[in-house]
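Take a look at the structure set out below.
The values are calculated or read from the model by the stated rules, or taken from the named source; none is laboratory data. Given the structure is predicted, the values throughout are model-derived calculations rather than measurements. Note that each Cβ is placed from the backbone with ideal geometry, even for glycine, and that neighbours are counted across all protein chains shown. Surface areas here come from the heavy atoms of the whole protein model, side chains and all, with no ligands, DNA or RNA. Shrake-Rupley method; radii C 1.70, N 1.55, O 1.52, S 1.80 Å.
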Amino acid sequence: MLALKNSGIDLSKSETRTIIGFSLIYSILVLVILGVISFLYYQFKKDLMLQDKRQTLQNYSNNQISNLKELHINIDKSNIYPRDEKFNSAIFDSSKKKIFSTLIMNDVNLDEVIYLKDGYIHLIKEPESYYLGSKYVIVEIEDDNIWFIKIKYKIIFWFFIAFFILLLIGYFIAKLFLRPMRESILMLDRFIKDTTHELNTPVAAILSNIQMIDKNSIDEKLAKKINRIEIGAKTISNIYEDLTFISLNNQIISNNEELNLSQILRQRVDFFKAIANSKKVEFQLDIKEDIFIVCDVKKLSKLIDNILSNAIKYNKFQGFIKVSLKDNLLVIEDSGKGLSKENLKSLFTRYKRFDKSVGGFGIGLNIVQMIAKEYNFKIDVISKLNVGTRIKIRWQE
């Protein structure tokens, strides 16, 4: 797992992001399901409560209808609407217009038989005769809410218990589905590490032997062949160093010391001159002498190398690379293909390649960003399509 993390694949983070994404979707579905179940349980308990209250309300409505009948018969003796302290009531005619009401909740649904709304229970009953012109008799009592208090905490308790259990199940399901990806990435990581390790010895041997050849003492055709070999070997060497850096990043302890950046910059330019010459790319140097910086020499060289490598790789034939070094400012500008504003936003994203016609893994500028973050370097990139790219690196003394 450590090797994966150091290689930039970082399986633990990938798994975490995947599990979080899956968990969010899974949690929403679980919440919806548990919400529906809780609502159905609430409806079930409410219906039970209404059935318990129904007989009481039926008795109240029968009493009210009897009182309405008596008033209807003796309307000439009394015209006082019958009332009862146990309940409120109302009467409506056949067109559902209110005749008289003592209800607290006047918004009545005459299409229901019994229902609960806004804390009051209503029962609607139709008398056998139109007493006082009434088609519907409604009785109303206040809901004591005891039934809801009993189930409220039970619903909340079991809701969270079920949610936690289902979330735990979802987590293990996600881990189970991620297992093949883990095994594949482990295999790929081992392959990359083994491959880069095997590349080191032959590439180092090629470069060391090329440096021992006196190119002035051999004919021009042979010198060109050796030059091509040197370019290829240096390209492979740079890729090897990038892969090694990515693989061992978190294990590399920075050996910071005061470095002559001017001298290192000239050395790295000299290293890439053979590759640049193959495209007839000209280096234009404006390097102030004796600019010092506290940094690790290998990481500083790697930062410069990756910027120069990209400047050559994406440059046009017979283009230029301007390298300027002032106090606390390094500027590397090329006359290459440039980038659009959209691509510029993801310039430092690992494995992101904008031009697949050239080689590479898309890790160079990500390494630059990693080193810059470690040393608090500020990177500004300005790029225009078909014009070129300018990279500015600033640091504090």
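Starting from residues that are of a type in the set (S, T, N, Q), exposed (fewer than 15 other Cβ atoms within 10 Å of the Cβ) and at pLDDT 90 or above, keep the ones in the range 14-67 and report whichever is nearest to the chain's Cα centre (by Cα). Per the stated criteria, the residue is 43. From the list 216, 250, 209, which one is touching a Leu at 6+ places or on another chain (Cβ under 9 Å), open to solvent by 70 Å² or more (accessible area, probe 1.4 Å) and either modelled with pLDDT of 75 or more or part of a helix (DSSP H, G or I) (or both)? Checking each option against the conditions leaves just 250. Quick check on the range 309-316. Is at least one of its residues farther than 17 Å from residue 393 by Cβ, surrounded by 15 or more Cβ atoms within 10 Å (Cβ to Cβ), touching a helix residue (DSSP H, G or I) at 6+ places or on another chain (Cβ under 7 Å) and polar (S, T, N, Q)? No; the residues of the range 309-316 include none that is farther than 17 Å from residue 393 by Cβ, surrounded by 15 or more Cβ atoms within 10 Å (Cβ to Cβ), touching a helix residue (DSSP H, G or I) at 6+ places or on another chain (Cβ under 7 Å) and polar (S, T, N, Q). Residue check: residue 9 meets all listed conditions (1) over 16 Å from the mean Cα position of the chain (by Cα); (2) modelled with pLDDT of 80 or more but one, namely (2).
Among the residues of the range 286-304, is there at least one that is out of contact with any Leu (no Cβ under 8 Å at 6 or more places or on another chain), closer than 19 Å to residue 232 by Cα and open to solvent by less than 40 Å² (accessible area, probe 1.4 Å)? Yes, the range 286-304 contains at least one residue that is out of contact with any Leu (no Cβ under 8 Å at 6 or more places or on another chain), closer than 19 Å to residue 232 by Cα and open to solvent by less than 40 Å² (accessible area, probe 1.4 Å). Out of 128, 70, 140, one residue alone is exposed (fewer than 11 other Cβ atoms within 10 Å of the Cβ) and of a type outside the set (A, V, I, L, M, F, W, C). It is 128. The single residue among 286, 290 that is touching a Ser or Thr at 6+ places or on another chain (Cβ under 9 Å), of a type in the set (D, E, K, R), over 14 Å from residue 383 (Cβ atoms) and part of a strand (DSSP E or B) turns out to be 286. Residues in the range 78-108 that are surrounded by fewer than 13 Cβ atoms within 10 Å (Cβ to Cβ), more than 20 Å from residue 148 (Cβ to Cβ) and within 57 Å of the chain's Cα centre (by Cα): 96, 106, 107. The criterion of at least 3 residues that are in contact with a Lys or Arg (Cβ under 7 Å, 6 or more places away or on another chain) is met by the following strands (runs of 3 or more DSSP E) wholly inside the range 293-397: 329-334, 378-384. In the range 278-286, the count of residues that are more than 40 Å from the chain's Cα centre (by Cα) and of a type in the set (A, V, I, L, M) is one or more.
Scanning the range 152-172 for residues that are modelled with pLDDT of 90 or more and buried (at least 17 other Cβ atoms within 10 Å of the Cβ) yields a single hit, 155.
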